[in-house]
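Enquirer: Sharing a structure, written as C-alpha cells. Questions coming.
Values in this text are rule-based calculations from the coordinates and carry no lab data. Predicted model, so just to flag it, every value in this text is computed and none were measured. In this analysis, Cβ positions are derived from the backbone assuming ideal geometry, glycine residues included, and neighbour counts consider all displayed protein chains.
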Amino acid sequence: MCSGQIGVTIDAAIAVEDFVGAFPITNRMFERTEREGVRIDCLRSLAAKSTVASGRAHAALIRAFSHLSADPECLTPEERAEVIAEMRAARQVLTDIIDAAEVAG
C-alpha cells in the first residue's frame with residue numbers, strides 16, 4: 001500500500017537547502033506559524049543580505065567573462081555552476097524580502 005511517495009526528514013531537507021543555498025521549505029515552515037508582522041530590523045537585515053548576495057552573483061558572472069577565466073568568451077562548467085549557485089542565492093534573498101514585506105503589510 002504505497003503511493004510512490006517517500007517522506008523526507010527535516011534533517012534531510014535542511015541538508016539539501018544548506019547545500020544549494022536556497023531555503024524554500026524553511027520559508028514555508030515559517031509561513032505556517034502565521035507570524036504577526038515583521039520587525040523593521042528583519043527587512044533591514046534582508047536588505048543588507050541582498051546587497052551582498054547580488055554583489056557575489058554579479059562578481060561571479062563578471063569574473064567568468066574576464067581575463068581571469070580559462071575561456072572569457074563562454075562559461076566553463078565550473079563557472080556556470082558558480083554563476084547559477086550565486087544567482088539562485090541572490091534570488092532567494094529577494095524572495096525572502098518579498099515574503100517579509102507581504103507579511104508586514
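Enquirer: If you average the sequence gap of Cα pairs under 8 Å that are 6 or more apart and divide by the length of region 35-104, what percent do you get for the contact order?
Expert: Numbers: 55 pairs, mean separation 34.4, N = 70.
Worked out over region 35-104, it gives 49 percent.
Enquirer: Once label points are set 7 Å from the Cα along Cα→Cβ at both residue 98 and residue 26, what is their separation, rounded to one decimal in nm?
Expert: Simple spin-label model gives 1.9 nm for this pair.
Enquirer: From the phi angles alone, apply the Karplus equation (6.51, -1.76, 1.60; θ = phi - 60°) to region 63-75 and give each ³J(HN,Hα) in whole Hz, x where the residue is Gly or Pro.
Expert: 4, 5, 9, 9, 5, 6, 7, 5, 9, x, 8, 8, 6
Enquirer: Between residue 62 and residue 47, what is the label-to-label distance in nm when each label sits 7 Å out along the Cα-to-Cβ direction?
Expert: Placing both labels 7 Å along Cα→Cβ, they lie 2.3 nm apart.
Enquirer: Please give, to one decimal in nm, the separation of the simple spin-label points placed at residue 16 and residue 70, each 7 Å out from Cα toward the Cβ.
Expert: 3.0 nm
Enquirer: Follow-up question, since we're still on this one. Using just the Cα positions, wrap region 35-104 in a convex hull and report its mean projected area in square nanometres, one decimal place. Provide the component values of the computation, followed by the final result.
Expert: Values: hull surface 19.7 nm².
Result: a mean projected hull area of 4.9 nm².
Enquirer: When the Karplus curve 6.51 cos²θ - 1.76 cosθ + 1.60 is applied with θ = phi - 60°, which whole-Hz ³J(HN,Hα) does each residue of region 6-12 get, with x for Gly and Pro?
Expert: For region 6-12, the Karplus curve yields 10, x, 10, 6, 4, 4, 5 Hz.
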